[in-house]
Amino acid sequence: MTNQPVLEVEKLKTYFYLEDEKVAKAVDDVSFSIYPGETVALVGESGSGKSMTGLSIMRLVREPGKIVDGTITLNQTDLLALHNREITSIRGNDIAMIFQEPMTALNPVFTIGNQITEVLRKHKNMSKQAAHKKAIELLNMVGIPRAKEIIHEYPHQLSGGMRQRVMIAIAISCEPKLLIADEPTTALDVTIQAQILELLEELKGKLGMGLLLITHDLGVVYEYANRVMVMYGGQIVEHSHTKQLLQLTKHPYTEGLLKSIPNMEVEVDRLGTIKGIVPPAYQFPKGCRFSDRCPYVMEKCRESNPDLLEVASNHEVRCYLYEEGAHGK
Ligand code: SF4
């Protein structure tokens with residue numbers, strides 16, 4: 001990894017302006033960076049703001065949503081200062097995103113070959129023949145057998161795992177500096193999941209790109225991420241290196257997430273759950289956004305939202321249990 005981050009997000013705020021003057025703070029004051037060759041996982045339940053963070057980086061937030069504050073810098077280019085035409089060129093070229101369900105991203109009426117060569121011709125100015133040759137290379141690279149035949153097939157003729165590989169081939173076709181993978185394996189069965197994640201890991205090494213892995217699966221995080229950011233209520237509530245965060249967990253929300261997954265080494269009658277649900281982004285409780293669900297809630301938690309504080313080297317937590325003078329859990 002080099003010292004220069006490929007992506008720097010600073011105090012990003014993406015709000016949705018709803019009816020009745022409600023404002024949904026989907027992403028609220030989020031800052032982080034990703035270095036080349038690094039996998040950073042963004043973890044949390046549905047509705048915590050993970051996907052909206054990814055879409056904000058891609059500048060794909062739709063009305064009534066809007067990026068209202070902050071900066072997003074990709075290899076020293078301020079993405080929020082770019083015109084739509086410029087961001088379209090950066091998207092696909094320098095930064096790419098793969099989604100949970102490839103069928104929604106692939107066009108059902110075009111062949112796999114058409115969809116890959118279109119990107120190469122548009123972004124790399126390749127001739128038809130060169131793009132065709134490169135498309136076959138890419139399909140081979142992502143482990144698609146019979147690439148020369150598959151290139152003439154349509155998305156519905158392929159399995160879910162194969163479609164996801166095609167999406168990855170399209171995403172990496174221009175060798176992006178940053179790949180955002182939003183729940184890339186959730187729709188796939190377990191063995192295919194592992195293959196796709198191994199493939200992303202291998203490609204990340206080959207291309208030296210940074211990977212933002214959006215997931216709710218802490219098992220995937222443990223295997224593949226260098227660092228983890230846990231998100232709740234549109235904010236990062238805990239951030240550290242993967243091992244440190246999973247072994248020296250500080251935030252009550254992270255603790256709840258960890259208790260809710262099976263552990264082969266510990267026998268329990270029932271898995272833990274986090275009571276309640278993620279509040280809608282237009283209706284966070286006053287004070288700490290996790291206060292209605294937190295087993296350690298204190299009076300002051302209901303009054304104001306804590307800041308993200310460094311509680312140990314490379315370990316940040318947003319919780320009053322760790323402010324100066326407090327004793328933790
Ligand atoms: Fe729980 Fe209070 Fe910490 Fe929020 S600040 S996570 S309510 S202890």
- Message: What percent of all Cα-Cα pairs in the chain falls into each 20 Å bin, going from 0 up to the bin containing the maximum distance?
- Response: 30, 56, 14, 0
- Short to long, in 10 Å steps from zero, the percent of alpha-carbon pairs of segment 95-173 per bin is 21, 59, 20, 0
- Any idea what angle helix 112-124 forms with the longest principal axis of the chain, computed on alpha-carbon atoms, 0 to 90 degrees, nearest 10? 80 degrees
- Message: With a cap of 16 neighbouring Cβ atoms within 10 Å, and only residues DSSP puts in a loop, list the chymotrypsin sites (Phe, Trp or Tyr not before Pro) found in segment 26-129.
- Response: F110
- Item | Inter-probe distance in nm under a simple model that places probes 7 Å from Cα toward Cβ, at K206 and E223 | 1.9 nm
- To the nearest 10 square angstrom, how much accessible area does D292 have with a 1.4 angstrom probe? 90 Å²
- Message: Given contacts defined as C-alpha pairs under 8 Å and at least six residues apart, what's the relative contact order of the chain, whole-number percent?
- Response: 20 percent
- Residue-averaged [θ]222 nm for the chain, counting only DSSP H segments that reach four residues, each worth -39500 (n - 2.57): -9000 deg cm²/dmol
- Message: Expected output is a single nm value to one decimal: the length gained when fully extending between E303 and F110, i.e. 0.36 nm times separation in residues minus the C-alpha distance. What is it?
- Response: 64.0 nm
- Task: Roll a 1.4 Å probe over the protein chains and send me the accessible area per residue for the chain in Å².
- Result: 50 Å²
- Message: If you roll a 1.4 angstrom probe over the protein chains with everything in place, what fraction of the accessible area of the chain belongs to carbon and sulfur, to the nearest %?
- Response: 49 percent
- Message: At 7 Å along Cα-to-Cβ for each site, give me the label-to-label distance between T186 and E137 in nm.
- Response: 3.4 nm
- Using θ = phi - 60° and the Karplus curve 6.51 cos²θ - 1.76 cosθ + 1.60, what whole-Hz ³J(HN,Hα) does each residue of segment 284-293 get, with Gly and Pro shown as x? 5, x, 5, x, 5, 5, 9, 4, 6, 10
- Given the C-alpha centroids of segment 67-111 and segment 203-258, what is the distance between them in whole angstrom? 23 Å
- Message: Under 8 Å for C-alpha pairs, at least 6 residues apart: give me the relative contact order for segment 95-173, rounded to a whole percent.
- Response: 46 percent
- How big is D, in µm² s⁻¹, for segment 214-265 by Stokes-Einstein at 25 °C and 0.890 mPa s if Rh is the Kirkwood radius over C-alpha pairs? 218 µm²/s
- Would you tell me the accessible area of V109, worked out with a 1.4 angstrom probe on the heavy atoms of the protein chains, in Å² to the nearest 10? 100 Å²
- Task: Could you tell me the accessible area of T14 in Å² (1.4 Å probe, neighbours in place), rounded to the nearest ten?
- Result: 0 Å²
- Query: Roughly speaking, what is the stretch gain from D20 to S127, that is 0.36 nm per residue apart minus the C-alpha to C-alpha distance, in nm to one decimal?
  - Reply: 33.3 nm
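The values are calculated or read from the model by the stated rules, or taken from the named source; none is laboratory data. Note that the structure is predicted; figures quoted are calculated from it, not measured. Methodologically, a virtual Cβ is constructed for each residue, glycine included, from the backbone with ideal geometry; neighbour enumeration extends over all protein chains shown. Keep in mind that these areas ignore ligands, DNA and RNA; they rest on the heavy atoms of the full protein, side chains included. Shrake-Rupley method; radii C 1.70, N 1.55, O 1.52, S 1.80 Å.
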